[in-house]
Amino acid sequence: MTKISKILSASVILLSLTGCSLFSSSKDAATTTSSSTTPSKVTYESSDFKITVPRDWEVLDGEKLPAGSPKSVAVAFKNNIKNKKFIANINISEYNAKDEKTTSEEVVKSMKDNFKNTLIDFTDSGDTKVNINATGKPMEGILTKFSGKSDAAENLKNFKQLYVRYNNISYIITTSYGQDEDPEVVAKIDETINSFELK
């Protein structure tokens, strides 16, 4: 099992429990900016990536992320709906992959094997290879879909995870939402994941 897969497994458990986990950052919040794209969306930019998110979602980075959380997460985005038991969310983690000897496919398989052993009622919905814009050129990423729960008493949740390795850094975009989530929210999540670009 790779170091990344161990960390991500714990991360998904937290995501499932809290609705917006992994709130810490190894980045300086001053390196990020937001700019308008459409009235309903905003582009979040760090020094090495950008992503377009719904304008009304909460952005958690820098000091907005609770202290004591893993340092792997650069930013998290949380739906603005406050009256649900579980709030749809997205986070972006970054890991130094310089010493990783495995392929992207092997890392993804290792992560899924770990999820299978840690989530209750885990169901793998498959992987898809997707193209990510990396400094203006297409680069391959792997999008994984699965469901599960960390506690027998809670409802099943859907997870989508995009894995990309670029310049010795692994980027993992993880989203979690309830299986009864509004289809419009799910569509926004998919649009957000698809908008991820490396700079």
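The values are calculated or read from the model by the stated rules, or taken from the named source; none is laboratory data. None of these values were measured; they are calculated from a predicted model. Heavy atoms of the whole protein, side chains included, go into the accessibility calculation; ligands, DNA and RNA do not. Shrake-Rupley method; radii C 1.70, N 1.55, O 1.52, S 1.80 Å.
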Extension gain, N168 back to K98 (0.36 nm per residue minus Cα-Cα distance, nm): 24.7 nm
Heavy atoms of E191 accessible to a 1.4 Å probe, total area in Å² rounded to 10: 90 Å²
Overall form of the stretch 86-199 per C-alpha gyration tensor (a/c, 1.5; a/b vs b/c): oblate
Placed amide H near E181: partners under 5 Å, 5+ positions off or other chain: none
Placed amide H near R55: partners under 5 Å, 5+ positions off or other chain: K41, V42
Rounded if a/c under 1.5, otherwise prolate or oblate - the stretch 148-199, Cα gyration tensor axes: oblate
Cα gyration tensor shape of the stretch 69-139, rounded if a/c is under 1.5, else prolate or oblate by comparing a/b with b/c: oblate
Cut-off under 5 Å, modelled amide H: who pairs with F49 long-range: K199
Note, ³J(HN,Hα) from phi for the stretch 160-175, Karplus 6.51, -1.76, 1.60, rounded to Hz, x at Gly and Pro: 10, 9, 9, 10, 9, 10, 8, 6, 6, 10, 9, 10, 10, 9, 10, 10
